[in-house]
Every structure is written in C-alpha cells, then in structure tokens.
1. Based on other C-beta atoms within 10 Å, arrange 88, 128 from fewest to most.
2. On a 0 to 90 degree scale, rounded to 10, what angle separates helix 64-78 from the longest Cα axis of the chain?
3. How would you order 165-178, 144-157 from highest to lowest mean count of nearby Cβ atoms within 10 Å?
4. Using only the Cα atoms of segment 1-68, build the gyration tensor, take square roots of its eigenvalues as a ≥ b ≥ c, and label the shape rounded, prolate or oblate: rounded if a/c is under 1.5, else prolate if a/b is larger than b/c, else oblate.
5. Relative to the longest principal Cα axis of the chain, at what angle does helix 142-153 sit, 0 to 90 degrees, rounded to 10?
6. If I histogram all Cα-Cα distances within the chain using bins 5 Å wide from 0, what percent of pairs lands in each bin?
7. So how much slack lies between residue 28 and residue 75, counting 0.36 nm per residue of separation and subtracting their Cα-Cα distance, in nm?
8. List 114, 46, 36 from most exposed to least, where exposure is judged by having the fewest other Cβ atoms within 10 Å.
Ligand code: 6GU
C-alpha cells in the first residue's frame, strides 16, 4: 500500500512512522508513506498556499490551485488514487471498520487541512472521503492523518507478526479487549487471575470473553446495541 500525504507542515509527520510497527511495515515493503509539502505547489515565490475567505471572517483557507496542482501531479506520477481523504473535524468519524476497509486499498492520498480548512471546490472535485478522528478540534490534520495511517498500516496483511493479534484488538468484534497480565504472578499482593495459570485454553478463552463483555457493558454500553 502506498500512502501520500499533502501537508503545509510535513515536518509534523517525520517521526510517527519511523518506529515500531510502522517502521517494520515499511522495511518489509508492505507500506510506503510519503509526506509532501504543499508549498512545493505554492502560487508564488512567497510560498503562498492560503488566502482570506470570501464573505469575510477570521481564518485563512487553503487555496484551490496548490491543492489541485499537487493532486494532478501526484496522480500523473503514481496513478489514480483509490481514495483521496480529507481529514477534518467535520468529516465522518473514523472507526475500526473504516481502518479495516482502508487497509485493503493500494494507493491513497491524505490531505491535511490547516487554518479554516480547504476550499470547498477541492472537496467536491477530488475528495472521496472526509474523515474526523473524534469530536474535538486539532490545530491541523497531520496528527489525525498519523492516527489513521497507524490504525490502517498495522492491518495490512504481513505487518503484524502474529496475524491473530489484530483480530483480538478492541473493537474488532465490537467488544473492548479483556485485561492482560504478565510476570510476576503476584505483584504488591495482587495476584494474576487463577484461570490464566491453568493452562486450559478453553477456560482462558471463556474468561477473556466474559471479561471483554463486562468491560464493554460498564465502559462502552453503546457498542453492545
Ligand atoms: Cl481530522 N482534523 C482536525 N484539525 N481536528 C480534528 C480532526 C481532524 N479530527 C478530530 N479533530
């Protein structure tokens, strides 16, 4: 999977993909991530990519031409994108099932907005999905893009070593994950639940299922509807 990102501040995306699972995904050739500075397509030598909004009001808008020229050039170079995603707090809220769907695509572009967002005509002409990562406002789309790429990247087949581990994540079956324990068996007087020490996989599975259900009931009853 190839993911291009268009951003006014691509430096914000320097480190999130250079460690751990995202690093491994790229090393294995399963994921290619490239952040592009929108300033490369600025309308003048001052690097301008934003302008005042028609109708007045506070906040700048990211202009049509830099975005359109960037997208056209990138599509000429890498082929037509399967999805062109604009990350924005007024988009559809991102969920695990969206990560699952996106992990099957080959070629995706993510546009990060800043200021008051991007010119509406770019949204209508190019964007195929508008995604928000939650009901709060970030100062730009870059951290949201990093969240989406991390959630999607780890689902690409071959990225996780233990293929089953994505299947037991919270949300994959609309349940939160159960508690987990590691050594020692007793810590500050607190013991690991005895069932986990039985070596009986059926009992362990049943306990985990019950714990997952219990957690979901108390913390996220909305998931059970
Ligand atoms: Cl995608 N962008 C920004 N700027 N803020 C957000 C968001 C996105 N999702 C939630 N808040």
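Just so it is clear, none of the values below were taken in a lab; they were calculated from the coordinates. Since the model is a prediction, treat every value here as computed from it, not as a measurement. Every residue, glycine among them, receives a Cβ derived from its backbone with ideal geometry; neighbour counts consider all protein chains shown.
1. Numbers: 88 21, 128 12.
Ordered from fewest to most neighbouring Cβ atoms within 10 Å, 88, 128 come out as 128, 88.
2. 60
3. The most tightly packed comes first, giving 144-157, 165-178.
4. On the way: a/c = 3.14, a/b = 2.64, b/c = 1.19.
Prolate shape, in that a/c is at least 1.5 and a/b is the bigger ratio.
5. 50
6. Reading upward from the zero bin: 1, 6, 12, 15, 16, 13, 10, 9, 6, 5, 3, 3, 1, 0.
7. Length gained, residue 28 through residue 75: 14.5 nm.
8. 46, 36, 114
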